[in-house]
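What follows is one structure encoded as C-alpha cells, with my remarks underneath.
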Amino acid sequence: MNAKRTSQITAVSAILLVLAIVLHFTGLSDAKQWTLITATAIAGTPITWKAIQALRMKAFSIELLVTIAVIGALFIGEYVESAAVTFLFLFGAFLEVRTLEKTRSSLKSLIDMAPSDATVIREGETMTISIDDVLEGDRVIIRSGEKVATDGVIVTGNATVNESAITGESVPARKAIDDRVFSGSIVDNGFIEVIADRVGDDTTFARIIELVEEAQESKSKTQKFLDRFATVYTPAIVLLSILVYIFTRNIEMTLTFLVVACPGALVISAPVSIVAGIGNGARHGVLVKGGEIMENLAKVDTVVFDKTGTLTKGRPEVMDIHTISGDENELLRLVAEAEVISEHHLGQTIVKEAQKRGITLVNQPKDAEIIEGNGVRVTVENKTLTVGNRKLMAAKDIVIEESMESYAVQREKAGSTAIFAAIDGVVHGIISIADQIRPEAKEAIQELRANGVKQIIMLTGDNRHTADLVGKQLGLDHVHAELLPEDKVAWIKQLQAEGHVVAMAGDGINDAPAIATADIGLAMGEGGTDISMETADVVLMADRLDQFSHAHALAKVTILNMKQNTYFAVTTVFILLAGVLFGKVFLASGMLIHEVSVLLVILNAVRLMRYTKKERKRNVPNRVLQPE
Amino acid sequence: MRKGVFTLEPLSCPSCIKKIERALGKMEGIREVNVLFNSSKVRAQFNEDQVTADEIQETISKLGYPVVTQKVS
C-alpha cells in the first residue's frame with residue numbers, strides 16, 4: 001500500500017462523503033447509508049491492513065485502535081461516524097506527511113544540491129560519468145553553472161564559487177590554482193580543473209549531510225521524557241478506557257476515549273521543532289549535532305573564546321609597508337625574494353602579500369642564512385638583504401635611524417609586529433604584520449549578550465599585551481592570557497563549578513581539551529576539517545562568529561517552540577478526554593480536533609524554518625597586531 | 001560486513017521506527033539497524049553471506065514501507 005494509492009483512496013472516500021451529504025438533502029436515506037458504508041470500507045482498508053501488519057510484528061498501533069472503533073461504530077449503526085473517522089484519519093496522515101516534509105525540507109534542499117554527474121578527463125578523453133564512478137585522482141572539469149562533484153584542489157583555471165551548501169555563505173568566493181573546492185558548491189563564473197582527492201561518501205558535503213541526518217535523529221531530553229511518558233501513557237489509557245466502560249457501559253464513549261487519547265501530537269511535538277531548528281541551522285552554515293545539544297545551547301550563559309583563529313582570523317597579514325624610497329612594491333619584491341627561503345610564518349606572509357599584489361619574484365636568493373627566530377640574511381641582485389627584528393639588526397651592526405625606530409614603536413603599540421628590511425646595511429623600510437579581529441566578531445558578541453549570555457571571556461596562550469588589546473576592542477568581560485591548554489580546561493571547570501553553563505569556541509586543535517570539557521563545544525569548521533566536525537557539538541562551517549550568535553538565538557527559539565508544542569499537545573489531549581467523558585466530544589469530532597492539533601503542532605515548527613536574524617551591515621575590519 | 005542504506009517514502013508516524021527495527025533485527029545476518037525517521041532512511045549493517053540487500057528491502061516493503069532507493073557500500 002504505497003503513498004500514492006493511499007491518497008487516491010482518501011480522495012475517493014472524500015467524494016463518497018460529499019455524495020452522502022447530497023443524498024441526505026435529497027432524502028434518499030437508504031442510498032446515503034450504503035454510500036457511507038462503502039466510504040468506510042474503502043478508507044478503512046488501508047488502515048486495517050496497516051493494523052494487521054503491525055500486529056504480525058506484535059506491535060500495538062493507532063491503526064488498530066481506529067479499526068476497532070470503526071468496527072464498533074458500524075456495529076451500532078453509526079455510519080456517519082465510521083465514514084468520517086476513516087476519512088479524517090487518512091486525510092490527517094496525508095496532511096501530516098505534507099507538513100512534515102516542510103520541516104524536513106531544509107535538509108532535502110541540501111541533499112538536492114548534491115551533484116549527480118561529473119565531467120572527467122581520463123587518458124586524454126573527456127567523458128561525463130556518474131558521480132559514483134568518479135575516483136580519487138580523477139581530473140574533473142567544472143564550467144560556469146555546474147556543480148563541483150568532488151572535493152579537490154584546483155590545478156588550472158579560476159572561478160567564483162558559490163559554497164553556500166557547505167558554509168551557508170551566499171557570497172561567492174574567488175578560487176584559483178591550489179585552492180580547495182568542495183563537492184556541492186556551484187561554479188558561478190569561470191572554468192576550473194580539479195584533481196579529486198575525496199569522492200563519494202567521503203566528501204565534506206556527504207559528511208555534513210550524514211551529520212545533519214544523525215543530529216535530527218538524536219533525541220533531546222524532552223523527547224526522551226516524552227517517549228518514556230508515552231510508554232506509560234498508552235497502557236494507562238487502555239486501563240482508563242476499561243474503567244470508563246465499567247462505569248458507563250457505553251461502548252461508543254469507550255472507543256471514542258481510546259481513539260482520542262492517542263498520543264499523536266504529543267509524540268511528534270518535540271521532534272518536529274528540533275528537526276526544523278537543526279535544518280534551519282544547517283542552511284545557515286551551523287551544524288548543531290542533536291536535540292540535547294540544542295537544549296544545552298539554549299541554556300548557555302557564559303561563552304569562552306580562544307583568541308587566535310577564533311576571535312581573530314588566525315592568518316597574519318601585511319598591514320602596512322613603510323619605505324624611505326616610497327616604492328612599496330619594489331621593497332616588497334626584494335624582501336619577498338629573500339623570504340622565499342624562510343619557513344617562518346611571518347616570512348611566508350610577506351611572500352604571500354607579494355603574490356597577492358601580482359609581483360613576480362624573479363631572483364633566486366644566494367648565500368642564504370637563516371637566523372632562527374630573528375630573520376634572514378641573503379644576497380639578491382648583488383645586494384645584501386637583512387630582514388628581521390631589532391635583535392637581528394643589532395647582531396649585524398645595522399643602525400636603526402631614529403625616525404624609523406619611532407615609526408616601528410608606534411606600529412607595535414597598535415599591535416603589529418614590525419619587520420625591518422635593510423639593504424646593504426641601511427634600513428630601507430619597515431613591514432608591519434598583524435592578525436585581524438574577525439570583522440563580524442563585535443556584532444556577534446553584542447548579539448550573544450542581547451540574547452542572554454551573561455559573560456564573555458577570552459582564554460589565550462598569547463601574550464598579555466595583545467590579549468588585552470583584543471579584549472578591549474571587543475568589550476569582553478575577562479581576558480586571561482599566556483595559558484596552556486590545561487589551564488584553559490581548569491578555567492572552564494571553575495566556571496562550571498560556579499554554576500554556569502559554558503560554551504567554548506576554539507579552532508579545533510590545541511583547544512580540543514577545553515572544547516571537550518565545556519557544556520557546548522564549538523569548532524570552526526574551516527570548510528570542514530574532519531576532527532572539528534567529529535568532536536565538536538556545534539560546528540561553524542564558514543568560520544563566522546555571527547553563525548554562532550545565530551545558532552544561540554536559534555536554539556532559544558527552537559526550545560521555546562518545542563515547549564509550546566508540548567504544552568499545547570498535552571492540554572489538547574486532556575481537554576479532549578474530559579470532553580469525551582462529559583459527553584461533549586464524539587468519535588468524528590474528537591478525531592477532527594485530534595488531527596487539527598497534530599497539524600497545528602507541525603505548522604508551529606515550520607515557523608522555525610524561516611527564522612533569521614535581521615540582516616546587518618558588516619563592520620569595517622578592526623585591525624590588531626599579533627606580536628611574536 | 002556491508003552497509004546498506006534504504007530510502008523509503010516519507011515516514012509519518014514515529015511508531016514505524018520500532019516496527020522496522022524489530023522486524024529487521026530478527027533477520028539472520030543483520031548486525032545493526034538504524035531507522036532515520038526524519039530523513040526516512042533505514043541504515044543496516046549486514047553480513048552478505050547470510051542475507052542480501054534485496055532480502056532486507058523485501059522485508060521493509062512487506063511491512064508496508066515501499067523502498068525508493070537502495071545503496072550498498
Tell me, which helices (runs of 4 or more DSSP H) wholly within region A:458-569 include 3 or more residues that are open to solvent by less than 60 Å² (accessible area, probe 1.4 Å)? A:464-474, A:485-497, A:512-517
Among the residues of region A:199-206, is there at least one that is open to solvent by 50 Å² or more (accessible area, probe 1.4 Å), out of contact with any Lys or Arg (no Cβ under 8 Å at 6 or more places or on another chain) and aliphatic (A, V, I, L, M)? no
Those residues that are among the hydroxyl-bearing types (Ser, Thr, Tyr) and within 30 Å of B:Pro10 (Cα to Cα), I need them from region A:105-141; list them, please. A:Ser105, A:Ser106, A:Ser109, A:Ser116, A:Ser130
Identity of the residue in region A:13-30, open to solvent by 40 Å² or more (accessible area, probe 1.4 Å) and touching a helix residue (DSSP H, G or I) at 6+ places or on another chain (Cβ under 6 Å), that ends up farthest from the other protein chains (Cβ to nearest Cβ): A:His24
Inspect region A:83-91 for any residue being within 11 Å of chain B (Cβ to nearest Cβ), in a helix (DSSP H, G or I), open to solvent by 30 Å² or more (accessible area, probe 1.4 Å) and under 25 Å from A:Ala265 (Cβ atoms) and give the result as yes or no. no
With respect to A:Val585, is the statement that it is buried (at least 20 other Cβ atoms within 10 Å of the Cβ), among the hydrophobic types (A, V, I, L, M, F, W, C) and closer than 18 Å to A:Tyr233 by Cβ true? no
Mind listing just one residue for me: the one in region A:212-239 that is in contact (Cβ under 8 Å) with a residue 24 or more places away in the chain and more than 12 Å from every other protein chain (Cβ to nearest Cβ) and, of those, farthest from A:Ile274 (Cα to Cα)? A:Ile237
Scope region A:41-66; condition open to solvent by 20 Å² or more (accessible area, probe 1.4 Å) and more than 14 Å from chain B (Cβ to nearest Cβ); matching residues: A:Ala41, A:Ile42
When A:Asn158 is run through (1) open to solvent by 50 Å² or more (accessible area, probe 1.4 Å); (2) under 26 Å from A:Met541 (Cβ atoms); (3) not in a strand (DSSP E or B), the failure sits at (3)
Region A:428-456, subset in a strand (DSSP E or B) and open to solvent by 10 Å² or more (accessible area, probe 1.4 Å), residue farthest from A:Thr323 (Cα to Cα): A:Gln455
If I ask for residues that are open to solvent by 20 Å² or more (accessible area, probe 1.4 Å), within 12 Å of another protein chain (Cβ to nearest Cβ) and either more than 13 Å from the chain's Cα centre (by Cα) or not charged (D, E, K, R) (or both), which ones from region B:1-10 would you list? B:Val5, B:Thr7, B:Pro10
Picked from region B:11-51 (must be more than 14 Å from chain A (Cβ to nearest Cβ) and touching an Asp or Glu at 6+ places or on another chain (Cβ under 9 Å)), the residue most open to solvent (accessible area, probe 1.4 Å) is B:Gln50
Any idea how many residues of region A:597-613 are part of a helix (DSSP H, G or I) and either of a type outside the set (A, V, I, L, M) or open to solvent by less than 70 Å² (accessible area, probe 1.4 Å) (or both)? 11
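The values are calculated or read from the model by the stated rules, or taken from the named source; none is laboratory data. Please read all numbers here as calculations on a predicted model, not as lab measurements. Positions of Cβ are backbone-derived with ideal geometry, glycine not excepted, and every protein chain shown enters the neighbour counts. Surface areas here come from the heavy atoms of the whole protein model, side chains and all, with no ligands, DNA or RNA. Shrake-Rupley method; radii C 1.70, N 1.55, O 1.52, S 1.80 Å.
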